1. State the number of residues belonging to region 37-58 that are in contact with a strand residue (DSSP E or B) (Cβ under 7 Å, 6 or more places away or on another chain), more than 8 Å from the ligand (Cβ to nearest atom) and at pLDDT 95 or above.
2. Are there any pairs, at least 6 apart or on different chains, whose C-beta atoms fall under 7 Å, with the first in region 167-193 and modelled with pLDDT under 95 and the second surrounded by 21 or more Cβ atoms within 10 Å (Cβ to Cβ) and basic (Lys, Arg), and if so, which?
3. Right, Ala69: within 20 Å of Cys25 (Cα to Cα), assigned by TED's automatic domain parsing to the domain that holds Gln166 and within 16 Å of the ligand (Cβ to nearest atom) or not?
4. Give the residues of region 307-326 that are without any contact (Cβ under 8 Å) to a residue 60 or more places away in the chain, of a type outside the set (D, E, K, R) and surrounded by 13 or more Cβ atoms within 10 Å (Cβ to Cβ), sorted by residue number.
5. Only one of these is of a type in the set (D, E, K, R) and part of a helix (DSSP H, G or I): Lys151, Lys121, Lys106, Lys155. Name it.
6. Could you say whether any residue in region 145-166 is without any contact (Cβ under 8 Å) to a residue 24 or more places away in the chain and away from the ligand (no atom under 13 Å from the Cβ)?
7. Select, from Glu93, Glu97, the only residue that is surrounded by fewer than 17 Cβ atoms within 10 Å (Cβ to Cβ), modelled with pLDDT of 95 or more, more than 14 Å from Ile44 (Cα to Cα) and not aromatic (Phe, Trp, Tyr).
Amino acid sequence: MAKIDINKQPFHEATMLKLDIFRRCFREWFPVFVHHPGVKQIFIYDMFAGSGTDSEGNPGSPIILLEEARGNERQHCLALTKNNKYVAFGFNEKETEKKELLDKAKDEFLLKCKSNCPLGKCVFSNAIFCRDSSFEEIMRNEQFGRILANKSYAKFVLLDQYGFSQITKTVFLKLVTSPLTDFIFFISSSFIKRFRDVEAVKAYIDTNKLDFEETKPKECHRIIADYFRDLIPADKEYYIHHFTIQKGTNYYGLIFGTSHTLGMEKFVKVCWLEDENSGESNCNIDNDFEKDSLFYDPINTTKKIKIKEELEQLILNGKIESNVEGLKWALSRGGEPKLFVEVVNSLIAQKKAVIQGKFNKQSSNIHRVDEYKIEVL
Ligand SMILES: C[S@@+](CC[C@H](N)C(=O)[O-])C[C@H]1O[C@@H](n2cnc3c(N)ncnc32)[C@H](O)[C@@H]1O
């Protein structure tokens with residue numbers, strides 16, 4: 001059966017949502033490193049870039065990355081120039097014909113951008129590199145390996161594969177163990193669920209470790225995300241969050257990874273803005289009351305209640321002893337860290353806990369928060 005080319009038709013609504021999450025994720029990520037004094041260079045990779053647009057000219061992921069790297073007021077171009085910071089884009093598309101279209105789309109973007117630009121020099125002109133390699137080749141490329149390993153280079157890696165077979169355990173672990181490297185990838189979770197017993201699927205993913213519940217088809221991407229979480233070395237502080245996208249009867253998903261709490265805070269924020277019930281799907285994954293229905297209550301959703309109940313138990317059992325531990329735990333569960341502050345406030349009010357040290361209610365920029373200890377009464 002001939003494969004449908006995503007770029008040769010108008011993007012489906014579900015694809016638009018995927019691209020919008022890529023956009024908002026990168027929009028949050030990029031300025032952090034533009035302004036980070038310790039970061040010398042920024043590398044942005046789109047490994048399965050497509051041809052740049054859909055059949056109606058809507059921007060695909062590489063053009064979206066360029067738009068966001070510029071900023072709506074060209075503020076990032078200005079800051080990159082001022083900070084004398086180098087940025088490079090690596091766009092890869094295996095199909096030669098599509099790569100040529102991608103070159104054209106990139107050139108058109110630059111031409112249009114320059115025609116309206118008041119700045120003297122374009123920071124992107126000589127910084128966009130399009131290739132028609134296979135992803136496997138790039139992963140073996142020594143120069144790419146050196147960039148990944150460099151601790152003063154910030155890397156954003158977008159992996160919008162078809163299906164599921166490109167993000168193997170080896171690829172995933174390579175990304176997880178590369179410093180200053182955040183990534184987001186797409187995966188066809190329903191497909192893995194449906195064909196988990198087929199050898200061709202088992203060759204890429206250890207489906208014996210996937211415990212799908214037949215009664216909860218919506219949750220198949222959660223199971224896939226847990227599979228990847230379990231691959232992370234136990235002694236490594238690392239954050240993974242996932243987002244489920246329903247398209248008809250199928251469930252696809254995104255998986256985001258970062259070693260930094262700020263990266264996770266930002267991605268989790270994007271997800272909760274998209275889904276105020278669970279922060280992880282377009283399909284009301286926990287079956288909460290729908291918006292506009294009588295009992296709709298975005299403050300007390302299934303996911304929020306679950307995270308808060310678990311947090312309370314962990315604090316009362318002495319497993320979480322400080323705000324830093326609690327904030328990070330909420331984040332690691334894909335919850336907004338402010339849930340932790342709500343739980344601590346409630347425990348103090350109920351006289352079940354007191355704070356040692358100065359109590360603060362900070363729930364963002366966790367890497368800079370003043371630590372306090374919690375004493376259970
Ligand atoms: C889902 S599409 C990407 C769409 C793109 N992100 C966009 O927004 O338009 C996946 C792309 O990966 C390309 N591709 C498939 N296998 C590949 C491989 N092994 N290496 C690199 N590119 C590949 C396909 O030709 C296809 O254009």
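The values are calculated or read from the model by the stated rules, or taken from the named source; none is laboratory data. Since the model is a prediction, treat every value here as computed from it, not as a measurement. Cβ: placed from backbone, ideal geometry, glycine included. Neighbour counts: every protein chain shown.
1. Selection size over region 37-58: 6.
2. Partner pairs satisfying both residue conditions: none exist.
3. Against the criterion (within 20 Å of Cys25 (Cα to Cα), assigned by TED's automatic domain parsing to the domain that holds Gln166 and within 16 Å of the ligand (Cβ to nearest atom)), Ala69 qualifies.
4. Residues satisfying the conditions are Ile307, Leu311, Leu314, Ile320, Ser322, Asn323, Val324, Gly326.
5. Lys106
6. yes
7. The match here is Glu97.
Here's the yes/no breakdown for (1) closer than 15 Å to Ala330 by Cα; (2) surrounded by fewer than 22 Cβ atoms within 10 Å (Cβ to Cβ); (3) not assigned by TED's automatic domain parsing to the domain that holds Thr170:
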site	(1), (2), (3)
Asp211	no, yes, no
Glu214	no, yes, no
Pro217	no, yes, no
Tyr239	yes, no, no
Tyr251	no, no, no
Phe256	no, no, no
Ser259	no, yes, no
